[in-house]
Amino acid sequence: MDSGAAAMNNLGEEVNCQIFNLAAEVAESSNDKIPILLLKLKEILKKPPVESKELQKLKEDIYYYDLIQYCILVLKQDYYNIPGSWSTAVDLAEIVSTVCVGLNPKEDVEEFYEKVLPSASDNLMVLARRLQTRFLQAVEDDIKQDFLRCFLNVTNSLCWLLSDHIQLIQHVLQSDRLLQLLLTDDVETGAIMVSVLLGILQVNRTVLFSVDEKNICLILDELIYKLFATSNPVIGSTSIKVMLLIAETHPPTLKILCNNYKGLRPLLRKQWTGRGFDKELNQLLELLYAGSTQGVSQQKFHRCACLIQASWRAYQTRKRLKCLPKAVTTLQRSFRAKREQEMQQLEKKREEEELKRQLQLRRHRALREFRQRQLSLLELVPASEMDKYLQEERERSALLIQKVWHGYRHRRDFNKQKQALKEFRAAVVIQRAVLKFLRKRRNRSPCIMPWQGPSGLTDTRRLKLHAKVDAYIKLHPVPQASEERTKERHSQAQEMLGQYLMKRNLERKSEQRQEALLAQINTDIELLMNAPGLKEATEKDVEVFSSRSVPVAARARQSHNTMLQYTRGPWWKKLGDEFQDPEMIDTEDMDFDLML
């Protein structure tokens, strides 16, 4: 252990001497040679073990000798004439990120966090922008690939730096240099930058609350433009993930997406569905439709409730079908009958169309023959009698038109009278049914005869009755009952009397309820008989026929909606059920949005 500690101390002293010599050499060299000299830091950083105290001490020494400041400054140079060209810049970017990551200086802390780190992130983005420009201007494929590799390494260095110093993320998101890197039509560099943006936001989501809304809107504009302008699945998937992360973390951004980007939802559904990332796409669409995360949870609860209801109704249907083995046969019979009826109606319609066509053809022929006959007659009429003949034709035509019009008017009036007669007959039928029902109820009720007291008794009749009573008592002597037996019988009699009185009260209440119901039925019948037509009905008439009971109104609305959905359903589900009660309709396959 002592030998290992001594070796580490010797290594630390050697590295410290190298850093001191390098700092002196950099201070005395020209600007063109400084980048090459700073590359020696890459070999120096490899000597200490990873995550050791010696490596931390080495980074502090590099910072104290201002070597890291030199590396940050030279990132802004043009490396076209420097040995190693842009590869040297990429190595320097890696050195900057390696030294800054994990560095916690004990001195000049405020300068490090407020000046050195922001300048490092800015210069890395400047270098990335220059590499992006060179990549777009390059013509040969090999050169383009080299620039693309360099651009990727620089962006990785930036992401590495931001992952350790998350306070820089706010500075980077508000920087115009990041927007310049994002504002590109190139697919490869655009995909890299969108991935960098996703990685930055995944490191620290809460930074969105400290970023200006203007910068967030600019980033959203560029992401939506990329979704609209390109069909690359990498850019589409990453952009949708970034928008989903922003919408879930930052509610004001979700409101901006819902209010300012009306065409985003159809664009996402039409262009990016079925591209391999439907899960994130569906989550983003749900957020856009709901407008908030609470709305998404409510939609999930609603779907779960609908699923439970559908499962329960399916279970009930399967259970009912097991008890009805003839359901399939009945359905087939109804289907065949319905199909045969439709075929007959179709054939009848064809025959009617053929008949109309024949009638029209005959009408045209008759009209043409009439015209020809009229022309031939005009040739025979003398010129002096032409006016008289034309006047007669006009009068004959006028009489024919009047006759047709009178016939049409009388038929129309007859149809109106026919409808009124039909309504009168319906009212008579309803009245007859109600009167018959009331007559049955009256006949079924027990007839209560008036009480008649006993007729007056004479003395002779009274003596005869006393004699009969005494004889019956002698023949049927009454056993002597004890006092306890007498009390028990008295209590039984009192209990029977109480039961009789309670039963009589219930019967009276039932009779009163029946009478009230009959009065209500009579009132409803009078209202129905005096009810105006639908065209003449007013709001007061509607209030008269509307129920004030909330359960009754809700049940009526539910029954009405059920019948509407049942009438809109496919025809094969209604075979043989033309007069089915709305309460018996199976609502398994109906639209739950209308019913629930």
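The values are calculated or read from the model by the stated rules, or taken from the named source; none is laboratory data. Bear in mind that the values here come from a model prediction, so they are computed numbers and not experimental data. Here Cβ is always computed from backbone atoms with ideal geometry, including for glycine, and neighbour counts include all displayed protein chains. With ligands, DNA and RNA removed, areas are computed over all heavy atoms of the protein, side chains included. Shrake-Rupley method; radii C 1.70, N 1.55, O 1.52, S 1.80 Å.
Net charge dipole, segment 494-536: roughly 180 debye, given to the nearest 20, about the Cα centre with Cβ charges of +1 for Lys and Arg and -1 for Asp and Glu. Ignoring lysines fewer than eight residues from K440 along the same chain, the ones with Cα atoms less than 21 angstrom from its Cα are K509. Here r is the Cβ-Cβ distance between N415 and E351 and R0 is 30 Å; the resulting FRET efficiency, rounded to 0.05, is 0.70. Using alpha carbons only, how many angstrom separate the centre of segment 500-559 from the centre of segment 54-125? After rounding, the separation between the Cα centres reads 89 Å.
What distance in nm separates the two pseudo spin-label positions at L361 and D185, each 7 Å out from Cα along the beta-carbon direction? About 6.5 nm, to one decimal.
Net charge of the neighbourhood of L179, taken over other residues with C-beta under 15 Å away and scored Lys/Arg +1, Asp/Glu -1, is -3. Averaged per residue, segment 91-221 has 45 square angstrom of accessible surface, using a 1.4 angstrom probe with ligands and nucleic acids left out.
Sparsely packed loop sites in segment 239-290 (the trypsin sites (Lys or Arg not before Pro) outside DSSP H, G, I, E and B with at most 14 other Cβ atoms within 10 Å) comprise K262, R275.
Peptide packing: for 141-148, 247-254, the average count of neighbouring Cβ atoms within 10 Å per residue gives the ranking 247-254, 141-148, highest mean first. Summing charges over neighbours of R513, with a neighbour being any other residue whose Cβ is under 14 Å away from its Cβ, gives 0 when K and R count +1 and D and E count -1.
Ranked from largest to smallest solvent-accessible area, with a 1.4 Å probe on the protein heavy atoms, L73, L227 come out as L73, L227. Shown is the FRET efficiency for Q391 and Q341, computed with R0 = 60 Å from the Cβ-Cβ distance and rounded to the nearest 0.05: 0.60. So which lysines pass the test for K115, namely a Cα distance under 29 Å, with those fewer than 8 places away in the same chain ruled out? Excluding near neighbours in sequence, the set is K33, K40, K42, K46, K47, K53, K57, K59, K76, K106, K214. The distance linking segment 136-172 with segment 208-234 is 19 Å (Cα centroid to Cα centroid, whole angstrom). Across all directions, the average projected area of the convex hull around the alpha carbons of segment 124-226 is 6.0 nm².
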